[in-house]
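Report on the structure given below.
The values are calculated or read from the model by the stated rules, or taken from the named source; none is laboratory data. Worth saying up front: this structure is predicted, and the values here are computed from it rather than measured. With ideal geometry, Cβ positions are generated from the backbone for all residues, glycine too; neighbour counts draw on all protein chains shown.
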Amino acid sequence: MSGRELPPSSPFAGDDGSADPVLADTLARYAVGDGSLADVVAALAPTRVLVPVLAELEVADVVEHDGHAHTVDKEASAGVVALRAPDGRTALPVFTGVEAMARWRDDARPVPTAVPRAALSAVAEGWEVLVLDAAGPVTVALPRTAVYALAQGLAWEPAVHDGRVADDVRAAVRAAVADVRLVVRADAVPGTRAEVAVELGLPPGLDRAALDRVLGQVNAALAQDPVVTARVDSLELRLRAA
């Protein structure tokens, strides 16, 4: 077995560092299009993952000696690593097993953690994404909504499935902006730059100030809706003449 052995810490003392077979099979099927991200999240939820810890140097001291500045390295400490996702968000890398972690960094120390605890740690740090097996063989980025569901021990379904926005999300979007003045019509459809696009029907002829005011009110209403915040990872607005 490549990579480091797991530390003998309870409740994972008998863990040999292998990937969960059900999860491994789900990832393999997902990689060839025979499965969904929801399938991956469901298979991941009851497993343990490995969180990588790397030795990192603390801030060095600078001391003066014989008129020259010298850098004195302090004692190294262990730190959990964060990654930068392609969309700019911060992600916590987690791994299915020691082999997958070794593909990424063979000097990382694996810390076994139940998935809900790993997700909760990411949420507490303000890291919105989990990246599973960052160096493969199958890499999966779990969006914010999935991370929050895992942290709470809840089942997760994406807001968009089979090219259609879920009914509860569409209803929540419509209800959230129903009281925004000048919005004649609202609907939710699959997005192109974001997960969900909110289409707004507005009266023609609005000046820039009025348009900015309406869009600000719409954004505020959507941000305050519990269904939208829990189910939608990202939103874009599309304007249509009513």
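Of the residues L92, L83, which single one is at pLDDT below 95 and in contact with a helix residue (DSSP H, G or I) (Cβ under 7 Å, 6 or more places away or on another chain)? Don't jump to the end; show me each part of the working.
Working: L83 fails: in contact with a helix residue (DSSP H, G or I) (Cβ under 7 Å, 6 or more places away or on another chain).
Checking each option against the conditions leaves just L92.
Answer yes or no: is there a residue in the range 212-230 that is of a type outside the set (K, R) and farther than 20 Å from A175 by Cβ. Steps first, please.
Step one: of the range 212-230, the residues of a type outside the set (K, R) are 212, 214-230.
Narrowing further to those that are farther than 20 Å from A175 by Cβ: 212.
Yes; the residues of the range 212-230 include at least one that is of a type outside the set (K, R) and farther than 20 Å from A175 by Cβ.
Scan the range 96-127 residue by residue and report those that are of a type in the set (D, E, K, R) and in contact with a Ser or Thr (Cβ under 6 Å, 6 or more places away or on another chain). Walk me through it before giving the result.
If we filter the range 96-127 for residues that are of a type in the set (D, E, K, R), which is where we start, we get 99, 103, 105-107, 109, 117, 125.
E99 - this is the single residue of the range 96-127 that is of a type in the set (D, E, K, R) and in contact with a Ser or Thr (Cβ under 6 Å, 6 or more places away or on another chain).
Inspect all residues belonging to the range 32-45 and state whether any of them is outside the structural domain of A124 (by TED's automatic domain parsing), assigned to a loop (DSSP other than H, G, I, E, B), modelled with pLDDT under 95 and exposed (fewer than 11 other Cβ atoms within 10 Å of the Cβ). First the steps, then the outcome.
Taking the range 32-45 as the starting set, the residues that turn out to be outside the structural domain of A124 (by TED's automatic domain parsing) are none.
No, that holds for no residue.
Can you spot a residue in the range 56-77 that is out of contact with any helix residue (DSSP H, G or I) (no Cβ under 8 Å at 6 or more places or on another chain), basic (K, R) and either modelled with pLDDT under 95 or more than 17 Å from A134 (Cα to Cα) (or both)?
Step one: of the range 56-77, the residues out of contact with any helix residue (DSSP H, G or I) (no Cβ under 8 Å at 6 or more places or on another chain) are 56-77.
Applying the additional criterion that residues be basic (K, R) yields 74.
Add one more test, that the residue is either modelled with pLDDT under 95 or more than 17 Å from A134 (Cα to Cα) (or both), and what stays is 74.
Scanning the range 56-77 turns up at least one residue that is out of contact with any helix residue (DSSP H, G or I) (no Cβ under 8 Å at 6 or more places or on another chain), basic (K, R) and either modelled with pLDDT under 95 or more than 17 Å from A134 (Cα to Cα) (or both).
Is there any pair linking a residue in the range 218-242 that is closer than 13 Å to R193 by Cα and assigned by TED's automatic domain parsing to the domain that holds V169 to one that is crowded, with 20+ Cβ neighbours inside 10 Å and of a type in the set (S, T, N, Q), with Cβ under 6 Å and at least six apart or on different chains, and which?
From residues that are closer than 13 Å to R193 by Cα and assigned by TED's automatic domain parsing to the domain that holds V169, the pairs are D233/T145.
Among the residues of the range 182-193, is there at least one that is crowded, with 21+ Cβ neighbours inside 10 Å, touching a residue at least 40 places away in the same chain (Cβ under 8 Å) and not in a helix (DSSP H, G or I)?
No, that holds for no residue.
From the list V198, V165, exactly one residue is touching a Leu at 6+ places or on another chain (Cβ under 6 Å), surrounded by 19 or more Cβ atoms within 10 Å (Cβ to Cβ) and more than 27 Å from V98 (Cβ to Cβ). Which is it?
Values: V165 fails: touching a Leu at 6+ places or on another chain (Cβ under 6 Å).
None of the others qualify; the one that does is V198.
Would it be correct to say that E199 is in a strand (DSSP E or B) and acidic (D, E)? Steps first, please.
Details: in a strand (DSSP E or B): yes; acidic (D, E): yes.
Here the answer is yes, as E199 does meet what is asked.
Go through the range 201-231 and give me each residue that's buried (at least 20 other Cβ atoms within 10 Å of the Cβ) and touching a Ser or Thr at 6+ places or on another chain (Cβ under 7 Å).
R231
Exactly one condition in (1) without any contact (Cβ under 8 Å) to a residue 12 or more places away in the chain; (2) not assigned by TED's automatic domain parsing to the domain that holds P226 is false for E128; which is it?
The number of the failed condition is (1).
Output the number of residues of the range 77-117 satisfying the condition of being over 27 Å from S234 (Cα atoms) and without any contact (Cβ under 8 Å) to a residue 40 or more places away in the chain.
4
What single numbered condition from (1) modelled with pLDDT of 95 or more; (2) in a loop (DSSP other than H, G, I, E, B); (3) small (G, A, S) fails to hold for A135?
(1)
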